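First the structure, in the form of structure tokens, and then the observations on it.
Any read-out appearing in this document is the output of simple, stated calculations on the displayed coordinates, not a laboratory observation. Keep in mind the model is a prediction, meaning the values are calculated, not measured. Neighbour counts run over all protein chains shown; Cβ positions are idealised from the backbone, glycine included.
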Amino acid sequence: MFPSCIPPEASNLTESASINLAKQIQQVFISTPLSQENIATTYVNQGSGGTPILLIHGFDSSLLEFRRLLPILAAQQSTYVVDLLGFGFTQRNLSIPLNPENIKTHLYYFWKTMIKQPVILAGASMGGAAAIDFTLTYPDAVEKLVLVDSAGLAKQPAIGKFMIPPLDTFATEFLRNPKIRQSISRAAYFNKSFASLDAQACAALHLKCLDWHKSLIAFTKSGGYGSFAQRIAEIQQPTLIIWGKQDKILGTKDAARFAQAMPNSKLVWIDNCGHVPHLEQPEATAREILNLNQQKPDLV
């Protein structure tokens with residue numbers, strides 16, 4: 001029923017959007033300079049035509065985060081979702097240091113192998129920071145950029161230096177706790193009814209993957225994504241900034257900061273929406289992304 005590259009607990013999914021996306025997950029072995037071994041990378045591609053859209057998930061998440069948005073976008077053009085190195089259901093190779101630089105390199109070779117043409121790159125939360133980083137390094141791979149309640153303006157957290165045994169294990173076990181994850185889920189939504197049992201199952205499925213906790217510790221110790229405030233003005237691609245008006249995770253101040261700093265950007269607020277517009281208001285989010293695809297660069 002479900003592909004072998006995801007944990008069998010996928011049988012706990014109950015909503016059709018989650019089940020349908022999980023069934024379509026594929027695995028491709030990506031050759032990179034990071035290792036002599038290819039990296040088993042999980043992704044889904046739906047739709048055809050137009051400029052390909054590539055969606056990047058947030059921290060400690062997976063491509064299932066786009067279960068509601070992907071079908072809407074794919075109805076009009078080719079859309080990819082991918083699990084980043086060390087996250088989701090992509091292989092966790094502990095011999096590869098898990099840091100933003102290597103995440104970016106892996107993503108580039110996924111793009112080079114599977115897509116091979118400029119994309120509309122859309123990142124949510126931490127995925128937004130990853131998208132900014134990718135765009136700055138590989139500008140020819142990105143035609144347009146979409147930031148959804150994006151990280152990327154805050155300084156690197158200091159928690160990494162405290163991630164030593166046994167504190168690192170305690171931290172990951174804290175994040176594994178279903179009550180903690182449910183509390184985070186509820187905080188992410190304006191409409192708390194979205195924090196359903198199925199949402200919990202989606203958010204926890206990748207925790208069953210081998211070495212989930214070790215990868216999370218390694219990424220945190222690396223310092224994760226810091227601030228791109230000094231560099232985002234370098235991004236010349238048309239950029240759409242989508243932000244939930246009621247975001248209680250990152251707040252709302254950074255939305256205007258991104259818009260002011262990026263020379264070719266447009267800010268769109270999504271009302272009655274928290275930190276995850278792609279889950280809470282997928283139709284409105286998709287409409288803005290598809291409108292971006294139809295606009296000429298000087299209209300953004």
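Quick notes on this one:
- Each semi-axis of the equivalent ellipsoid for the chain is √(5λ) with λ an eigenvalue of the Cα gyration tensor; in descending order they amount to 26, 21, 21 Å.
- Potential lengthening between residue 259 and residue 180 on full extension [0.36 nm per residue; Cα-Cα distance subtracted]: 25.2 nm
- Residue among 64, 50, 136 farthest towards the positive dipole end of the range 1-142, charges placed on Cβ: 50
- Cα→Cβ-extended label distance, 7 Å offset, between residue 9 and residue 112, nm: 3.5
- In this simple spin-label approximation, residue 214 and residue 252 carry label points 7 Å from Cα along the Cα→Cβ vector, and these lie 4.4 nm apart.
- Each label was represented as a point 7 Å from its Cα along the Cα-to-Cβ direction; for residue 101 and residue 51 these points are 3.0 nm apart.
- Estimated dipole of the chain in Debye, rounded to 20 [Cβ of Lys and Arg +1, of Asp and Glu -1, Cα centre]: 320
- Contour excess over end-to-end distance, with Cα ends at residue 16 and residue 245 and 0.36 nm allotted per residue: 79.7 nm
- Each of 253, 208 was scored by other Cβ atoms within 10 Å of its Cβ. Arranged with the fewest first, they read 253, 208.
- Too-long pairs where the Cα-Cα distance tops 25 Å, listed order kept, from 104/248; 214/248; 104/155; 221/245: 104/248; 214/248; 221/245
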